[in-house]
Every structure is written in structure tokens, then in C-alpha cells.
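Read the structure below first, then the notes.
The values are calculated or read from the model by the stated rules, or taken from the named source; none is laboratory data. What you see is a predicted model, and the numbers here were worked out from it, not measured in a lab. Cβ placement follows ideal geometry from the backbone for every residue including glycine, while neighbour counts extend to all protein chains displayed.
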Amino acid sequence: MAATPAQLHELLSYCMEFAKTMLNDAGDFYPFGAKLSLEGQVVAVGGHNGSERPLPQDIYQLLVGAIVSEARDGSISGAALAANVNVPEKFASPSRDAIRVHLEAPGFARYIYVPYEVAKSGLFKKKVSVTLHEPFAVEVNPGFFQKPAP
């Protein structure tokens, strides 16, 4: 079953909300994601490679491998993978910091950048507030749902 635009939006919303929560709580986050089951359910995806302090890139690649595997065997109809990145300079962004969500389903592949700013206040107990700016999309080549080679 093909993912609907509403289901893809649900994957994106999940990633944006969880990333904002992590930024508010910890000021950063490791890559994580969500997948869309064949029944249309959004399922959280996380990864751990056994290291106490893994590199975010390693966790990202671990999650990519798991998502690609599930896409190939047809057990998911969509996926989203979120990472904390710097927006490439070629894009006019209000902030260099961004949540980037790789949102993909068969026939659809985008990076959704959500620029953000973190403000800290308070003298003794620091309070963190995160402001998300308007997201923007960049079309990318499929990475999860690749067509098989002829």
C-alpha cells in the first residue's frame, strides 16, 4: 500500500516534535526516525551500536541500513530519518542549525529542513527554549526505496 500525503505528513510531524522535545531537554539529539507500517501505523525507530558515546554519523548509517532493508523486503510503505545538521550555505536559511528529516516513500524523496534557534535564559537554572522556523523541502534521489537495477 502506497503512503498517502497525510501519512507522510504524520511521519514528518512525529520527527519534528520529537526533535524539538530533545532539543528543549538536552540541546541536541542523536539521529532517530519513524517508519510507516503497511497498516498505516507510525512506528518510532532508534538505533544503538553498543558504544557509550557513538558518533551521530554511525547511528545515522545504522538506521539507514535498517530502513533500506525493510523497504527492500516490502515491510514498510514510508520512512523518515531525522538528524541535527547545519543547513548548507546554498540555501537562504534564517539559521544554520536545523532538524533535517529525510522523508521517503516509493516515488517520493525529500530532505525537509526545519531551521531552529535555541535561546537560554535564567541565571542559576538554565531554561532552554527552541524556536522552529518555517520548514523547506529539497528533492533528493531515493535512498531508502530505490528501484531495483534492471
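A single entry from Val114, Val101, Val85, Val118 fulfils the requirement of being part of a strand (DSSP E or B) and at pLDDT below 95: Val118. Criterion applied to Glu17, Glu39, Glu104 was being touching a strand residue (DSSP E or B) at 6+ places or on another chain (Cβ under 6 Å) and acidic (Asp, Glu), and the one residue passing it is Glu104.
Screening Asn49 with (1) surrounded by fewer than 11 Cβ atoms within 10 Å (Cβ to Cβ); (2) more than 15 Å from Phe32 (Cβ to Cβ); (3) without any contact (Cβ under 8 Å) to a residue 60 or more places away in the chain gives one miss only, at (2).
Can you say whether Pro54 is surrounded by 12 or more Cβ atoms within 10 Å (Cβ to Cβ) and touching a strand residue (DSSP E or B) at 6+ places or on another chain (Cβ under 7 Å), as far as the supplied structure shows? In short, no.
The residue that is nearest to Ala2 (Cα to Cα), among those in the stretch 82-116 that are among the polar types (S, T, N, Q) and touching a residue at least 24 places away in the same chain (Cβ under 8 Å), is Asn84.
For every residue, the table says whether it meets (1) under 26 Å from Leu36 (Cβ atoms); (2) surrounded by 13 or more Cβ atoms within 10 Å (Cβ to Cβ); (3) in contact with a Ser or Thr (Cβ under 8 Å, 6 or more places away or on another chain).
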residue: Asp97; (1), (2), (3): no, yes, no
residue: Leu103; (1), (2), (3): yes, yes, no
residue: Gly107; (1), (2), (3): yes, no, no
residue: Val114; (1), (2), (3): yes, yes, no
residue: Val118; (1), (2), (3): no, yes, yes
residue: Ser121; (1), (2), (3): no, no, yes
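In the set (1) closer than 30 Å to Lys126 by Cβ; (2) outside any loop (DSSP other than H, G, I, E, B); (3) of a type in the set (Asp, Glu); (4) over 14 Å from the mean Cα position of the chain (by Cα), Glu52 fails one condition alone, (2).
Answer yes or no: is there a residue in the stretch 117-129 that is touching a Pro at 6+ places or on another chain (Cβ under 9 Å), aliphatic (A, V, I, L, M) and closer than 18 Å to Met22 by Cα. The answer is no, given that none of the residues of the stretch 117-129 is touching a Pro at 6+ places or on another chain (Cβ under 9 Å), aliphatic (A, V, I, L, M) and closer than 18 Å to Met22 by Cα. Residues in the stretch 27-49 that are among the hydrophobic types (A, V, I, L, M, F, W, C), out of contact with any Pro (no Cβ under 9 Å at 6 or more places or on another chain) and either part of a strand (DSSP E or B) or closer than 14 Å to Glu17 by Cα (or both): Phe32, Ala34, Leu36, Val42, Val43, Ala44, Val45. Out of all the residues in the stretch 8-33, which are under 18 Å from Ala71 (Cβ atoms) and either hydrophobic (A, V, I, L, M, F, W, C) or surrounded by fewer than 18 Cβ atoms within 10 Å (Cβ to Cβ) (or both)? Selection gives Leu8, Leu11, Leu12, Cys15, Phe32.
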